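Structure first, then comments.
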Amino acid sequence: MHFPATQPRKSLYYDYQVFPHFHSQEPVITDADTVTIVGAGPIGMTTALLLAKQGVKVILLSSELQLSEGSRALVYTKRSMEILQAAGAAEKIMSKALPWTHGNSIYKGQVAFRMESPTNENDQFAPLNNLQQNWLEHFLLESIKENDNIEVRWGNNVVDHVQKDDQVTLTIQTPEGEYKHISKWVVAADGGRSPIRERMKLRMEGASYEGRFVIADIRIKLDYPTERLAYFSPDWNPGNTILMHREPDSIWRFDYQLDTSITPEEALKPENLHKAVQDQLKMIGQDHLEWEMDWSTVYSARALTLDNYVHNRIIFVGDSAHLLPIFGVRGANTGFQDAQDLSWKLAGVVKGWATEKLLESYTYDRVGAAREIIAEAGKSTRFMAPPTSGFTLLRDAVLSLSLEHEFVRPLYHWRTSRPHAYTHSPLNSQFDDNAQMAEQTENGALIPNIKFADGAFLYDAISGKFSVLAITEKGQLSQTLVAEVASLKAKGVPVQLIALAIDAQAVEGADRTLAITADLAENRLLADVGAIYLVRPGHHINGRWISYRENALTQTFQQFTEVAEGAAA
């Protein structure tokens, strides 16, 4: 039985608040247009915010009475920040987060490889940003409190569920006892040990690795820049790896690999934690500095995914759907992409403009992303924590050779998490000119962000809606296209028509005209005047045309709106 802590967690830098619990003496029956999310971690909160942006009511259940303990998720990619911007929380998060671009791989006191994440003047955020999970949840919760469509119910632990036909009945345990909660839709964001997944006896596919790492958050004044530091086979921990990350509030995170002979319980003993931290500080010549331990835990590297994320009215998101190694910052960052893809699709079904068939594409798109990540993450994991003697031999050879030979050093690259391109998504248009246009902006890829002359960004204009982007000149725009967009709007589809005018001339029939230069159209969008992009609410390209032809947009949408119209009739 789970009893949430009623005393504030202890921290050297964050003041925890204990929230009052929710309890009901009677069964709770939610409205048909309400989604219940189980789990109020970063992914559950972000899913709630993105659904609320789509006009969907959300009840967010937390088994705890306070936010998460420790750093946990720490590094958030540019893509994650773009998603959090769409959720309405990025400005708050970046008021505290530490942006960075470089990472060093160090062996025998020498920087064997220096990684630089590429940047572009059209980027809205830095490639990588450090912020402890408790602070991240703090800012997400602040945004949730500003949204009337979301209700958080603290101290609500789901201990059982029954799924029947078109509803799910949850049994919820609170400090006052149990009550029933009935919902048409349940999103399981209940973490890597997902009780919902376990009760459904769903098994993940993939690989687990022997490598175990300790996370130790310490408060210390280290005069190092905000960069990822990876020390391979340090003298005090031979054959293993340690990572160091700067965090806000003078906190540093050490992730160090355990020898296979050491149990997690042994590793977390205060005297052993102290020795490991002190040994690392000594190795970098900083053992004279005073420091304090804030929080510690042990984790294992796993690369696993469910093969289906949608089970009738229960949908899995984040770690409940997949478990990914943190190397290359893949855990929470992949979950944010789940949240974005699911939110607009589930909203379409709840609001009635799409059929439940649309949710099949959530599984197709996101399981495909997880499998791609698992393939990439496996390479990083086998280098960071070799699973066999053969991989250890290979890694050690790379380490030795890298001291004198440049050609092996790129093997240190940690293959940073990148957005998945939905190249084979069933939603991609079959009625467009995709095959004839530039590969970099193919269907399924992210539409490149654009920074306008006034400092605004394209993503802020298109988040949360289907956007038809038309590159225009002299105010020219197909009236057939205007009419098709209007017809979609009449059916409840959240769609807008945006003219990207290279001469800044206002375009009649467009919902909005944004001025861009001919250079931006050519070099960023890789298209000319007359070209059309259809972009999903999550920024991914869904169709594109060199020049528009009648009914192409209507035909593209029919694959997930047609049945909904019939059902409504």
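The values are calculated or read from the model by the stated rules, or taken from the named source; none is laboratory data. The shown structure was predicted, so the numbers you read here are calculated from the model rather than taken from an experiment. When we count neighbours, we look across all protein chains shown, and the Cβ atoms used for this are built from the backbone with ideal geometry, even at glycine. Note: accessible area is taken over every heavy atom of the protein model, side chains too, but ligands, DNA and RNA are not part of it. Shrake-Rupley method; radii C 1.70, N 1.55, O 1.52, S 1.80 Å.
Observations on the model:
- Subtracting the Cα-Cα distance of Glu205 and Ala397 from 0.36 nm times their residue separation leaves 66.0 nm of extension gain.
- For the pair Thr101 and Thr263, the difference between a 0.36 nm per residue extended length and the Cα-Cα distance amounts to 54.8 nm.
- Nitroxide proxy distance, nm - points 7 Å out along Cα→Cβ at Lys357 and Asn312: 2.2 nm
- Bridging of Lys269 to aspartates and glutamates at a Cα separation below 19 Å is possible for Glu69, Asp217, Asp255, Asp259, Asp279, Glu292, Asp294, once same-chain residues fewer than 8 apart are set aside.
- Test item: Cα-centred dipole of region 310-371, Lys/Arg +1 and Asp/Glu -1 on Cβ, debye: 60 debye
- Given Lys53/Lys465; Lys92/Lys145; Lys10/Lys145; Lys465/Lys489; Lys53/Lys345, the pairs whose alpha carbons are separated by over 18 Å: Lys10/Lys145
- Sequence-distant lysines (8 or more away, or on other chains) whose Cα lies within less than 24 Å of Lys180: Lys57, Lys164, Lys201
- Mean ellipticity per residue at 222 nm, deg cm²/dmol - from DSSP H runs of n ≥ 4 across the chain, formula -39500 (n - 2.57): -9000 deg cm²/dmol
- Lys, Arg +1 and Asp, Glu -1 on Cβ, resulting dipole of region 257-329 about Cα centre, debye, nearest 20: 380 debye
- Distance between region 132-189 and region 246-302 - C-alpha centres, whole angstrom: 34 Å
- Just the protein heavy atoms count here, and of the accessible area of region 7-101 at 1.4 Å, carbon and sulfur take up 47 percent.
- Cα pair distances of region 102-183 binned at 10 Å [whole percent]: 13, 20, 25, 15, 18, 9, 0
- Spin-label pair Gln505/Ala486, simplified geometry with 7 Å Cα→Cβ offset, distance in nm: 2.2 nm
- For Ile182 and Gln110, a Förster radius of 56 Å and the Cβ-Cβ distance give a FRET efficiency of 0.35, rounded to the nearest 0.05.
- Listed by chain and number, the lysines whose alpha-carbon sits under 17 Å from that of Lys96, ignoring those within fewer than 8 places in the same chain, are Lys78.
- Since only Gly44, Trp135, Phe316 are under comparison, the one whose Cα sits farthest along the positive direction of the charge dipole of the chain, derived from C-beta charges on Lys, Arg, Asp and Glu, is Phe316.
- Fully extended contour minus Cα-Cα distance, from Arg193 to Gln558, at 0.36 nm per residue: 127.5 nm
- Local electrostatic count, Asn122, Cβ distance below 15 Å [Lys/Arg +1, Asp/Glu -1]: -3
- Label-point separation, Tyr224 to Asn122 (7 Å along Cα→Cβ), nm: 3.5 nm
- Estimated FRET transfer efficiency (Tyr13, Thr423; beta-carbon r; R0 56 Å; 0.05): 0.85
- Whole-number accessible area per residue in Å² for the chain, which is evaluated in the context of all protein chains at 1.4 Å: 41 Å²
- Here the accessible area is traced with a 1.4 Å probe on the protein chains. For region 286-366, carbon and sulfur cover 42 percent of it.
- Residue (of Leu60, Ala5, Ala89) at the positive-pole extreme of region 1-96, dipole from beta-carbon charges: Ala89
- Estimated dipole of region 61-195 in Debye, rounded to 20 [Cβ of Lys and Arg +1, of Asp and Glu -1, Cα centre]: 540 debye
- Computed with the Debye formula from one identical point scatterer per Cα of the chain, without solvent, the log10 of I(q)/I(0) at q = 0.06, 0.08, 0.11, 0.13 Å⁻¹ comes to -0.32, -0.58, -1.06, -1.37.
- Accessible area of Ser463 (1.4 Å probe, protein heavy atoms only, ligands and nucleic acids ignored): about 40 Å².
- Region 447-569: C-alpha gyration tensor shape, a/c 1.5 cut-off, then a/b vs b/c: prolate
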